[in-house]
1. Hey, what did the chain get for relative contact order, percent, Cα under 8 Å, at least 6 apart?
2. Pick the calculated Rg/Rh (Cα atoms, Kirkwood Rh) for this structure from (i) 0.96; (ii) 0.94; (iii) 1.14?
3. What is the range 18-93 by shape, rounded, prolate or oblate, if you read a ≥ b ≥ c off the alpha carbon gyration tensor as root eigenvalues and call it rounded for a/c under 1.5, prolate for a/b larger than b/c, and oblate otherwise?
4. Which is the longest stretch in the chain that no exposed loop site breaks, taking sites as trypsin sites (Lys or Arg not before Pro) with a DSSP loop state and at most 12 other Cβ atoms within 10 Å?
5. Report, in degrees rounded to the nearest 10, the 0 to 90 angle that the Cα long axis of helix 48-65 makes with the longest principal axis of the chain.
6. Lysine pairs in the chain with Cα distance under 26 Å, only those 8 or more apart or on different chains: how many are there?
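Each reported figure results from applying straightforward, stated rules to the coordinates on display, with no laboratory input. These numbers come from a predicted model, not from an experiment. For neighbour counting, all protein chains shown are included, and Cβ atoms are generated from backbone atoms with ideal geometry for every residue, glycine included.
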Amino acid sequence: MLDLSIDGDQVTLTGTVKGNPEHEALVPPPWTWSRRAGGYVLPRSLLPLTRKQRIRELVAAAQAAGVDLQVLDAGAEPSEADRRQARDQRLEADGTTITYSRANIAKGDEVLYSGDWYPVLRANPKTVTVPSRYSARPGTLPYAKIAGRRPGPTS
């Protein structure tokens, strides 16, 4: 029996081994083997609609092949802020340098600059606007100077 676990962006198929000829036809690309997960996973980079389509294809292929498949769906869809934070954490854990931009920083997030966290008032094309510590006027920080990002209380 195969188990398909769906938990937000994480989709894992367990109960098989890499290269099992009985199950190989069920998991065509973009499914990839993950030693860490102990099964096949769908890349998190897939769009949600594409991910759902790949899951439907797997369920249909398992039924057609007569393979028992148990689907465990947590039903939790992560917010865009949660997705951005999870992506940033994965990149940091992999030792990958994160290039910040308007695409991954939004109003309400917090950015790390010179060891301090600042709330983002606005995400501009080349900078973020943050409150100034020294005057009533807000200041700007270039994306290249940002050392970290986390969702703020309003994200």
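1. Values: 224 pairs, mean separation 29.6, N = 155.
It comes to 19 percent, rounded to a whole number.
2. After the calculation, the listed value that fits is (iii).
3. Details: a/c = 2.42, a/b = 1.65, b/c = 1.46.
Here the range 18-93 falls in the prolate category.
4. Values: sites that count: R35, R36, K126, R133.
The segment 37-125 is the longest one with no such site.
5. 10 degrees
6. Details: K18/K52; K107/K126; K107/K145; K126/K145.
Summing the qualifying lysine pairs gives 4.
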